[in-house]
Every structure is written in C-alpha cells, then in structure tokens.
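This report refers to the structure that appears directly beneath it.
Read-outs: derived from the displayed coordinates by stated rules, not from any lab. Treat the numbers as computed from the prediction; the structure is a model and nothing was measured. With ideal geometry, Cβ positions are generated from the backbone for all residues, glycine too; neighbour counts draw on all protein chains shown.
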Amino acid sequence: MRRVKTWEISDEFWALAEPCLPSQNEMRDTSRQYRRKPGGGRKAVYGNRVYLAAIVYVLRTGCQWNALPREKFGGISSSGVHYRFRLWCRAGFFARLWDAGLAVYDEMEGIAWKWQSADGTLQKAPLAQESVGPNPTDRGKKWKQKARARRRSWSPAVIGRNRGKRQ
C-alpha cells in the first residue's frame, strides 16, 4: 500500500472539508461595492481541492508561498493560493474545519471535555546559568579571557572625555 504524504488530501478528508468551504457570498466583502455579479468573471481553472492541497503543503512543510513545487501542483499560481488562503481565513473556513475534525475525533475516541487545561509559561530559568554554564558561543570571547602573564594591561594615557581639560 502506498504511504500517504502528510500534505496530500485523502478522499475522507476532502469529504469532511468540502461542506466547510465558504460560498461565494461568504467570501465577498459586504463593505465593498463590486462591479460584477457574484459568480461573474473568469472561472477557476483548478478546483478547491487543489487549492486546499497546496495550502496544506505550505503549512505542513513550512516553505514560502512562492516555493510551491510545480511538479506537485502544476501551473497553479502561488499568489492565487495565498489569496485563496486569506479569503478562507477571513470567511472562517479553517475554524469550521477544526470544529468538524474535533467532532469526528470525539466520535472515534471521545474527548474528556471536563478536564481540559492549557498551561504555558515563558520566562528564563532562574538557575540555568549555574547548572549549565556559560553560553557556548560566548566561551572564548576576548573580554572574558585573562591578560597574558608577562604583559602589562593596556590603558589610554589620556581619558577621552578629559582631553580638553587642563589640571
């Protein structure tokens, strides 16, 4: 059996995602006045499934939008994929897809909704310097090295800010 890549859209996932897709009216900005009627203009060459596969590819691999491989997605425009991503975000598609995925997982495994918690802390560890030691990138810096044994330490003859004053 062929192994499915993490960015490929399976038929089961597409059956879950397709009802969550926003309609044309949901994607239109109501505060803006359009010249064309809804559904007017040039028809899309690629379907929503190809756009969703490209979006999932970018999100799973972490590549840039302009780095979509042509051998996987054909002649699909990276700017068109990003535009569709922004439209779907604004229309709430990904939130609906997340809710649908949670509902499926709840049916399969069951989610203990009463005892869910999230905790996050971002702070420096107070004893990290003592237990770990200095940062490896700072270990050999000049300001931390000792002076050579037979050399006198250097200091300027006249301090810079007292140059103009006479004593």
Name the long-range amide H neighbours of residue 21: under 5 Å, sequence gap of 5 or more, or other chain; modelled H, no Pro or chain starts.
none
I want the local charge near residue 73. Using Cβ-Cβ distances under 12 Å, sum +1 for each Lys or Arg and -1 for each Asp or Glu among the other residues.
+1
Based on other C-beta atoms within 10 Å, arrange 36, 86 from fewest to most.
36, 86
Ranked on Cβ counts within 10 Å of their own Cβ, fewest leading, 93, 13 go 13, 93
Would you mind ranking 60, 49, 84 so that the residue whose beta carbon has the fewest other beta carbons within 10 Å leads the list?
60, 49, 84
Quick one, can you get me the convex hull of the C-alpha atoms of the stretch 15-120 expressed as volume per residue in Å³?
174 Å³
When only DSSP loop residues count, what GluC sites (Glu not before Pro) in the stretch 18-110 have their Cβ near at most 10 other Cβ atoms within 10 Å?
109
